[in-house]
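The values are calculated or read from the model by the stated rules, or taken from the named source; none is laboratory data. Owing to the predicted nature of the structure, the values given are computational and were not obtained by experimental measurement. Here the Cβ positions follow ideal geometry from the backbone for every residue, glycine too, while neighbour counts run over all protein chains shown. Please note that ligands, DNA and RNA were not included when accessible areas were found on the heavy atoms of the full protein model with its side chains. Shrake-Rupley method; radii C 1.70, N 1.55, O 1.52, S 1.80 Å.
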Amino acid sequence: MRKFISSIVLFALLPISSFMSAQSQSQAVLVNETLTYDVIYKWGVINKVAGYATMSLRDEGDYYKASVFAENAPWANSIYMLRDTLYTTFTKVGLYPLEYTYIAHEAGKYKKDILEFSHNGDLFTANVQRWKQKSPGQPVVKSTKHLEANGMTVDMLSAFFYLRSLDFDNMSKGQSVTVNIFSGSKKEKLKITYLGRKQLSLNNRNFDTYYINFTFTRNGKVSSDPISGWMSADSQRIPLKVEGSLAVGKVRALYTGPNP
């Protein structure tokens with residue numbers, strides 16, 4: 001569930017240098033904003049809003065700060081309590097992550113990860129501090145870890161903003177790109193496949209979208225089912241819909257509008 005919530009902001013992790021050498025008019029400009037989503041659970045005849053997510057971006061001079069907060073709808077708390085918060089700080093030039101924080105309260109468990117990033121050429125590293133409580137009443141255990149990867153590397157939130165600097169109109173249908181992603185105790189690969197333009201009906205409106213499919217792998221093995229995403233094909237490049245499968249049923253995140 002955590003990976004799906006995070007994937008609201010992850011369905012187009014494509015590095016700028018792969019497809020462009022300069023800004024084009026079709027690219028979005030990052031601005032202060034707050035985007036909101038309903039998370040829908042569907043299984044058989046059940047089709048209910050199971051949670052909500054809010055993503056915000058703020059311009060801080062030489063860098064950006066972004067956050068995501070996700071929580072259950074009240075009716076779902078008795079089934080699975082979820083409160084996830086993600087923060088990231090990343091540079092304006094290159095959009096490189098500087099610090100990433102993930103805080104989770106899930107089914108009575110607590111977890112907090114803080115990653116401090118650096119890079120030298122193609123080598124990206126992160127020093128990780130982790131706090132984890134397996135169940136209520138148990139002690140919070142602290143640990144540390146060091147992550148390294150060659151090639152463009154992002155965190156679970158800063159990655160989304162690469163999407164806003166890409167010229168999808170110059171990409172070929174079926175073209176794939178793989179980047180590294182650090183998330184707490186592990187590093188993974190994210191493969192993104194661009195599947196062309198597609199019309200999407202949402203909230204009584206029709207949208208022209210870029211349609212994308214992506215998967216996570218770890219140590220060469222797929223670590224999640226494929227996830228599909230639809231992003232507005234305009235200057236804002238807003239993620240409008242994300243869909244993935246759970247062990248039972250499906251989950252969709254649907255854009256409900258800006259909330260400045």
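Quick notes
- The strands (runs of 3 or more DSSP E) falling completely within the stretch 118-209 that include 2 or more residues that are within 21 Å of D225 (Cβ to Cβ) and in contact (Cβ under 8 Å) with a residue 24 or more places away in the chain map to 176-183, 186-202.
- Of the residues V141, V93, V128, the single one that is within 28 Å of S235 (Cα to Cα) and among the β-branched types (V, I, T) is V93.
- Positions within the stretch 56-99 being aliphatic (A, V, I, L, M) and more than 14 Å from the chain's Cα centre (by Cα), in sequence order: A73, A76, I79, M81, L82, V93, L95, L98
- The stretch 210-260, residues that are in a loop (DSSP other than H, G, I, E, B), within 23 Å of D169 (Cβ to Cβ) and in contact with an Asp or Glu (Cβ under 8 Å, 6 or more places away or on another chain): A233, D234
- Considering the stretch 100-135, and only residues there that are of a type in the set (D, E, K, R) and open to solvent by 80 Å² or more (accessible area, probe 1.4 Å), the residue that is nearest to the chain's Cα centre (by Cα) turns out to be E116.
- Filter result (buried (at least 20 other Cβ atoms within 10 Å of the Cβ) and modelled with pLDDT of 90 or more) within the stretch 165-187: I181, F182
- Residue in the stretch 214-226 that is open to solvent by less than 40 Å² (accessible area, probe 1.4 Å) and of a type in the set (A, V, I, L, M) present: no
Matching residues to (1) open to solvent by 60 Å² or more (accessible area, probe 1.4 Å); (2) within 20 Å of Y211 (Cβ to Cβ); (3) in contact with a strand residue (DSSP E or B) (Cβ under 7 Å, 6 or more places away or on another chain):
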site: G137; (1), (2), (3): yes, no, no
site: K142; (1), (2), (3): yes, no, yes
site: M156; (1), (2), (3): no, no, yes
site: T193; (1), (2), (3): no, yes, yes
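- Residues being polar (S, T, N, Q) and within 16 Å of T91 (Cα to Cα) - total across the stretch 57-78: 1
- In this structure, A247 does satisfy being without any contact (Cβ under 8 Å) to a residue 24 or more places away in the chain and either among the basic types (K, R) or under 20 Å from A50 (Cα atoms) (or both).
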